[in-house]
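The structure under discussion appears below in the form of structure tokens.
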Amino acid sequence: DGGIELAKSIYNALQYGHASAWIYWQMSSESKSALMHEGRELNHLYHVSKQFYRHIRPGFTRVQASSSHSDLLALAFDGGATSGMVVVLVNVGAQPLEVSLENNVRTFDGFISSQKRFHEPLATNLASTNGFQVPALSVVTLKEQP
């Protein structure tokens, strides 16, 4: 639950607060509210943060993204000709959702974080015109291939 709550907070800050950065202040502690436990063990908060931090880089511009389902939160960023698009999808619901991207035909690599998966590769050569499933309570990041 903490991971999805963090993903929703980051989404809200970027989507509605028009934040240009998100900083998580507690890197390591003995509690489960930090990104690492005692400076060694990366936890779910770290991996959810990585879905955003690793792929949305300085200089990227947030562009319009929307979803027709209230449980699917969508953000998109344009990194320009050399970096391509990044799309972050957060399924806050208890059911998997079928997703297809509209607009230009693009090819993406996908990464997922969920209760049991930690920034794992989801798929390679995922075409934006093909449908795919976003599992329940998960964060999926799509990074356009150059």
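Details
- Hits in the stretch 67-90 (condition: open to solvent by 50 Å² or more (accessible area, probe 1.4 Å) and either touching a residue at least 40 places away in the same chain (Cβ under 8 Å) or of a type in the set (Asp, Glu) (or both)): Asp71, Asp78, Thr82
- Condition check for Ser100: touching a residue at least 24 places away in the same chain (Cβ under 8 Å) and open to solvent by less than 60 Å² (accessible area, probe 1.4 Å): no
- Count - residues of the stretch 36-75 that are touching a Ser or Thr at 6+ places or on another chain (Cβ under 9 Å) and aliphatic (A, V, I, L, M): 6
- Strands (runs of 3 or more DSSP E) lying entirely in the stretch 45-116 (those with 3 or more residues that are among the β-branched types (Val, Ile, Thr) and in contact with a strand residue (DSSP E or B) (Cβ under 7 Å, 6 or more places away or on another chain)): 85-91
The values are calculated or read from the model by the stated rules, or taken from the named source; none is laboratory data. Just so it is clear, the model here is predicted, and its values are computed rather than measured. Cβ coordinates were reconstructed from backbone atoms using ideal geometry, including for glycine residues, and neighbour counts include every protein chain displayed. With ligands, DNA and RNA removed, areas are computed over all heavy atoms of the protein, side chains included. Shrake-Rupley method; radii C 1.70, N 1.55, O 1.52, S 1.80 Å.
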